[in-house]
Amino acid sequence: MILILLLLAPLLTASLSYAVRRRPAMEAVNLAGFGATFLLALLLGRQVLNRGAVSLWQGFLYADHLSALVILLTASVALICSVYAVGYMREDERSGALALGANGRSTHFKLRKYYTLTPLFIFALLLVTVSNNLGVLWVAIEATTLASVFLVTFYGKVTSLEAAWKYAILGGVGLSMALFGTVLTYYSGHHLAGSDTLAGLNWSVLASHAGQLDKTTMRLAFILALLGYGTKAGLAPMHTWKPDAYSEAPVPAAAILSTAMLNCALYGLVRFYILASRCLGPDFPGGLLLTFGALSMGISVPFVLVQRNFRRLLAYHTIDHAGIMVTALGVGGPLASLALMLHMIFHTIAKALLFLCAGNVYQHFQTDLFRKIKGGLIRVMPITGAVFLMAILAIIGMPPFSLFQSEFLILRAALTNGHWLSSALFVLFGAGVFAGALIHVGSLVLGAGDEPRPAAWHPWRHASMLALAAILVVIGFWLPAPLFELVRGAARVVTGG
Amino acid sequence: MNEFFNPEFGNKVITLTAALVLVLQIAGAGQRWIVTNIRVFGVQSFLLALIAGAIAVFNHAPHLFIAAILTLLVKAIAVPIFLERLVDRIGIHQEIEPVINAPVSVVICGGLTLVGYIVAESFYQPEQTSGPAALGHNMLAVAVSLFLIGFFMIINRRTALTQVLALLSLENGLFLATISLTYGMPLIVELGVFFDVLLAVLVLAILVYRIRETFESMDVSRMRRLQG
């Protein structure tokens with residue numbers, strides 16, 4: 001029951017947003033809708049903790065600890081971003097950014113587009129995590145692309161079209177591979193009894209007799225699924241759409257793209273990894289994941305080092321972190337799986353916060369190039385500047401913050417399992433990204449600027465940013481016990497048992 | 001009548017149609033005109049619907065009829081008509097400008113077909129005389145070839161609309177793989193996939209239209225603003 005409500009909440013939000021035409025009403029509907037989604041996600045988490053996996057309609061919808069964790073993250077990001085979006089869209093309307101490329105349509109049309117497409121996007125993301133059927137999972141992931149394409153073209157600029165085209169075509173090609181992988185997975189269990197029904201494609205069913213699946217087919221299926229969902233997660237070398245899409249979409253949407261959507265793509269990968277490792281043993285899928293992980297971390301280093309645009313910098317950072325999480329998955333074992341889940345939480349919080357800060361800076365200066373801002377952010381926008389610096393320190397893994405813990409755990413697990421090469425590359429690329437990000441953001445925030453034009457206090461944008469910053473600080477020292485239970489449960493889903 | 005419904009005969013019909021689908025795919029890859037390309041895609045989808053229908057009759061898999069009808073309505077009729085209207089509306093009838101010229105493309109497609117057969121060979125289980133695997137051998141080879149040629153077409157083409165067509169024919173390869181390997185996916189998944197394909201065509205068409213408006217061209221290789 002709760003699963004249906006969870007899906008209905010954003011769907012209802014979207015249709016209501018479309019129906020009410022006034023801006024304050026759309027804002028209220030979105031806030032209320034995402035608030036409700038968040039509460040439902042909390043409830044679902046509690047239910048999963050108390051009673052184990054929840055399922056509905058003979059296992060058509062299914063949520064275990066892993067799903068509940070990803071759902072909780074998606075719902076939290078959606079809520080924070082919907083608060084932020086109120087301030088962001090009002091500022092865009094005031095500064096005339098919404099009128100750009102509107103082709104004579106009113107700016108109101110764009111507001112409506114944003115407030116309708118975002119809940120649809122969140123709906124698709126939630127559907128990914130509650131569908132047990134691998135085919136429906138694919139349909140939902142494809143739907144996330146379709147719902148978010150027009151968020152990328154939101155400002156109607158020449159560059160946004162280019163970004164959206166790349167996003168749509170690469171996403172389409174990648175996901176067609178994932179569909180092929182799904183078909184082959186279905187086929188790999190086809191010789192077993194009762195596989196001809198709808199349940200034959202259910203993940204929980206396939207996972208329970210993973211040992212009997214056809215090995216040749218499963219091997220090919222995993223490769224295709226990795227390429228497909230890896231494209232969606234932005235693993236190198238299929239990452240090229242990422243910086244473009246993130247820098248063209250409105251900032252709150254970009255924050256959702258780089259956190260919640262990344263988590264969902266990884267979620268799909270994790271599900272296939274579990275099937276493949278139970279069928280073929282952990283070495284085959286693990287080796288592939290480690291390769292893609294190292295490649296993604298490596299490719300982001302030069303781009304972070306020479307980056308001129310701070311939103312693209314954040315995008316390359318996301319590619320780096322996708323690489324880190326895939327590496328953790330590839331290492332396998334209880335410790336690395338635990339670290340993976342922790343890293344997913346910490347990265348989601350820190351990256352969403354970074355995007356919100358970047359949005360504030362972008363709207364104040366009307367540019368996202370380091371060159372044009374020159375530095376001195378801390379004097380112009382003291383609050384945003386300080387939070388920005390803190391968040392970047394957190395995400396590159398400085399010790400007091402939580403990402404240090406999770407990255408350290410991943411490294412420890414990799415060394416214990418004897419992945420020397422991966423560990424060495426992990427440290428090397430980590431150092432590169434560390435240096436690059438710190439230099440750029442450090443000089444942006446601390447450097448000598450020339451125009452002390454203090455920014456005003458914007459309640460919506462600052463409040464949501466500060467709330468997220470508070471969570472980031474607190475979670476570095478104290479992880480609530482139920483949340484940690486959920487994390488441990490999710491890690492157990494990966495390792496089995 | 002009994003003679004007609006014997007699976008042996010059905011197998012031959014299905015394999016022959018699959019071969020025709022492959023020929024059409026290669027013809028599409030070497031083809032220079034957009035409108036012809038759309039029609040080739042339409043005919044190819046029609047043949048796929050035939051194959052799905054034939055499998056449904058000969059191998060007693062009635063749920064495949066729904067997939068066959070959907071393919072006929074969506075991919076063989078609705079999408080081609082929609083795309084031709086789009087072509088009319090944005091007024092482009094010029095040639096596709098492939099990166100690699102037509103004769104070389106056809107040779108490459110031949111090579112990809114060979115790769116398709118090699119991949120499919122590893123799935124061939126002669127001991128399994130009944131069920132999808134027996135049928136799957138040749139069909140899977142064709143499906144993998146369609147898939148690979150679709151990839152090649154996306155890389156080889158520069159204009160937005162032709163890339164969409166390539167993506168669609170790649171999707172056709174997938175459909176062939178599902179019906180030959182497992183007699184189709186569960187119905188709800190099949191419906192979801194069709195819905196997504198339809199939506200994707202719509203979304204991509206809107207993008208094509210806006211790219212044409214903004215760039216005065218559909219050549220996506222001219223979109224080079226975003227780098228680094």
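Per the conditions (1) within 13 Å of chain B (Cβ to nearest Cβ); (2) under 30 Å from A:VAL152 (Cα atoms); (3) in contact with a Phe, Trp or Tyr (Cβ under 7 Å, 6 or more places away or on another chain), the sole criterion not satisfied by A:VAL251 is (1). Scanning the range A:363-399 for residues that are buried (at least 18 other Cβ atoms within 10 Å of the Cβ), under 19 Å from A:TYR88 (Cβ atoms) and in contact (Cβ under 8 Å) with a residue 24 or more places away in the chain turns up A:GLN363, A:HIS364, A:ASP368, A:ILE373, A:LEU377, A:VAL380, A:MET381, A:THR384, A:GLY385, A:VAL387, A:PHE388, A:ALA391. Residue by residue through the range B:145-175, note down the ones that are within 20 Å of A:LEU184 (Cα to Cα) and more than 10 Å from chain A (Cβ to nearest Cβ). Once the filter is applied, which keeps residues that are within 20 Å of A:LEU184 (Cα to Cα) and more than 10 Å from chain A (Cβ to nearest Cβ), the range B:145-175 yields B:SER145, B:LEU146, B:LEU148, B:ILE149, B:SER169, B:ASN172.
Any chance the range A:184-193 includes a residue that's facing chain B (nearest Cβ under 9 Å), buried (at least 24 other Cβ atoms within 10 Å of the Cβ) and under 30 Å from A:LEU98 (Cβ atoms)? Taking every residue of the range A:184-193 in turn, none turns out to be facing chain B (nearest Cβ under 9 Å), buried (at least 24 other Cβ atoms within 10 Å of the Cβ) and under 30 Å from A:LEU98 (Cβ atoms). Give the residue, chosen from A:PHE121, A:PHE109, A:PHE154, that is out of contact with any helix residue (DSSP H, G or I) (no Cβ under 6 Å at 6 or more places or on another chain), part of a helix (DSSP H, G or I) and not aliphatic (A, V, I, L, M). Being out of contact with any helix residue (DSSP H, G or I) (no Cβ under 6 Å at 6 or more places or on another chain), part of a helix (DSSP H, G or I) and not aliphatic (A, V, I, L, M) holds for just one of A:PHE121, A:PHE109, A:PHE154, which is A:PHE109.
Quick grid of which residues meet (1) among the hydrophobic types (A, V, I, L, M, F, W, C); (2) under 21 Å from B:VAL57 (Cβ atoms); (3) in contact (Cβ under 8 Å) with a residue 24 or more places away in the chain:
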position: B:ALA141; (1), (2), (3): yes, no, yes
position: B:VAL144; (1), (2), (3): yes, no, yes
position: B:GLN163; (1), (2), (3): no, no, yes
position: B:ALA166; (1), (2), (3): yes, no, no
position: B:LEU176; (1), (2), (3): yes, yes, yes
position: B:SER180; (1), (2), (3): no, yes, yes
position: B:VAL203; (1), (2), (3): yes, no, no
position: B:ILE206; (1), (2), (3): yes, no, no
position: B:ARG212; (1), (2), (3): no, no, yes
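Scan the range A:194-207 for residues that are in contact with a Gly (Cβ under 7 Å, 6 or more places away or on another chain), within 10 Å of chain B (Cβ to nearest Cβ) and not small (Gly, Ala, Ser) and the total you get is 2. Scanning the range A:226-268 for residues that are under 13 Å from the mean Cα position of the chain (by Cα) and aliphatic (A, V, I, L, M) yields A:ALA233, A:LEU235, A:ALA253, A:ALA254, A:ALA255, A:ILE256, A:LEU257, A:ALA260, A:MET261, A:LEU262, A:ALA265, A:LEU266. Of all the listed residues (A:ALA249, A:ALA233, A:ALA168), the sole one being closer than 24 Å to A:ALA294 by Cβ and among the aliphatic types (A, V, I, L, M) is A:ALA233.
Cβ-Cβ under 6 Å, sequence separation 6+ or interchain: first residue in the range A:457-472 and in contact (Cβ under 8 Å) with a residue 24 or more places away in the chain, partner not in a helix (DSSP H, G or I). Which pairs? Within 6 Å, no pair qualifies.
Residues of the range B:173-184 that are within 17 Å of A:VAL173 (Cβ to Cβ) and surrounded by fewer than 24 Cβ atoms within 10 Å (Cβ to Cβ): B:LEU174 alone.
Taking each residue of the range A:67-89 that is free of Cβ contacts under 8 Å to residues at least 24 places away in the same chain and looking for partners that are polar (S, T, N, Q) and buried (at least 24 other Cβ atoms within 10 Å of the Cβ) with beta-carbon atoms closer than 9 Å, six or more apart or interchain, yields nothing.
Table: residues versus (1) surrounded by fewer than 21 Cβ atoms within 10 Å (Cβ to Cβ); (2) among the hydroxyl-bearing types (Ser, Thr, Tyr); (3) at pLDDT 95 or above; (4) under 20 Å from A:VAL251 (Cβ atoms).
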site: A:GLN47; (1), (2), (3), (4): yes, no, no, no
site: A:ASN50; (1), (2), (3), (4): yes, no, no, no
site: A:PHE60; (1), (2), (3), (4): yes, no, no, no
site: A:GLY96; (1), (2), (3), (4): yes, no, no, yes
site: A:ASN103; (1), (2), (3), (4): yes, no, no, no
site: A:LYS110; (1), (2), (3), (4): no, no, no, yes
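Touching a Lys or Arg at 6+ places or on another chain (Cβ under 6 Å) and either surrounded by 15 or more Cβ atoms within 10 Å (Cβ to Cβ) or on the phi > 0 side of the Ramachandran plot (or both) - does that describe any residue in the range A:62-84? Yes; the residues of the range A:62-84 include at least one that is touching a Lys or Arg at 6+ places or on another chain (Cβ under 6 Å) and either surrounded by 15 or more Cβ atoms within 10 Å (Cβ to Cβ) or on the phi > 0 side of the Ramachandran plot (or both). Among the candidates A:ALA225, A:ALA210, the residue that is more than 8 Å from chain B (Cβ to nearest Cβ), of a type in the set (A, V, I, L, M) and touching a Lys or Arg at 6+ places or on another chain (Cβ under 6 Å) is uniquely A:ALA210.
Of all the listed residues (A:TYR246, A:TYR229), the sole one being closer than 24 Å to A:TYR62 by Cβ and of a type in the set (Ser, Thr, Tyr) is A:TYR229.
In this entry, B:ILE51 is excluded by the filter for residues that are under 16 Å from B:LEU161 (Cβ atoms), crowded, with 20+ Cβ neighbours inside 10 Å and touching a residue at least 24 places away in the same chain (Cβ under 8 Å). Tallying residues that are without any contact (Cβ under 8 Å) to a residue 60 or more places away in the chain and at the interface with chain B (Cβ under 7 Å from one of its Cβ atoms) within the range A:153-172 yields 6.
A:THR116 fulfils the conditions (1) surrounded by fewer than 24 Cβ atoms within 10 Å (Cβ to Cβ); (2) closer than 23 Å to A:PHE222 by Cα except for a single criterion, (2). Of note, A:ALA41 does not satisfy the criterion of being modelled with pLDDT of 90 or more and farther than 30 Å from A:ALA491 by Cα.
For the range A:347-370, the condition holds for at least one residue, the condition being that it is assigned to a helix (DSSP H, G or I) and within 14 Å of another protein chain (Cβ to nearest Cβ). Taking the conditions (1) within 8 Å of chain B (Cβ to nearest Cβ); (2) closer than 24 Å to B:ARG210 by Cα; (3) surrounded by 24 or more Cβ atoms within 10 Å (Cβ to Cβ) in turn, A:LEU146 satisfies each one other than (3).
Looking only at residues that are within 13 Å of chain B (Cβ to nearest Cβ) and hydrophobic (A, V, I, L, M, F, W, C) in the range A:213-222, which one is nearest to the chain's Cα centre (by Cα)? Here the answer is A:ALA221.
Filtered by the rule that a residue be in a helix (DSSP H, G or I) and either facing another protein chain (nearest Cβ under 9 Å) or in contact with a Gly (Cβ under 9 Å, 6 or more places away or on another chain) (or both), the range B:176-190 gives B:ALA177, B:THR178, B:SER180, B:LEU181, B:THR182, B:LEU187, B:ILE188, B:VAL189, B:GLU190. Anything in the range A:31-53 that is under 21 Å from the mean Cα position of the chain (by Cα) and touching a residue at least 60 places away in the same chain (Cβ under 8 Å)? List them, or say none. Listed by number, the residues that qualify are A:GLY33, A:PHE34, A:THR37, A:GLY45.
Rundown of residues vs (1) part of a helix (DSSP H, G or I); (2) modelled with pLDDT under 80; (3) within 24 Å of B:ALA141 (Cα to Cα), yes/no style:
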position: B:PHE9; (1), (2), (3): yes, yes, yes
position: B:LEU16; (1), (2), (3): yes, no, yes
position: B:ALA27; (1), (2), (3): yes, no, yes
position: B:ASN37; (1), (2), (3): yes, no, yes
position: B:LEU48; (1), (2), (3): yes, no, yes
position: B:VAL57; (1), (2), (3): yes, no, yes
position: B:LEU72; (1), (2), (3): yes, no, yes
position: B:VAL79; (1), (2), (3): yes, no, no
position: B:PRO98; (1), (2), (3): no, yes, no
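The values are calculated or read from the model by the stated rules, or taken from the named source; none is laboratory data. The shown structure was predicted, so the numbers you read here are calculated from the model rather than taken from an experiment. Please note: Cβ atoms are built from the backbone with ideal geometry, for glycine as well, and neighbour counts cover all protein chains shown.
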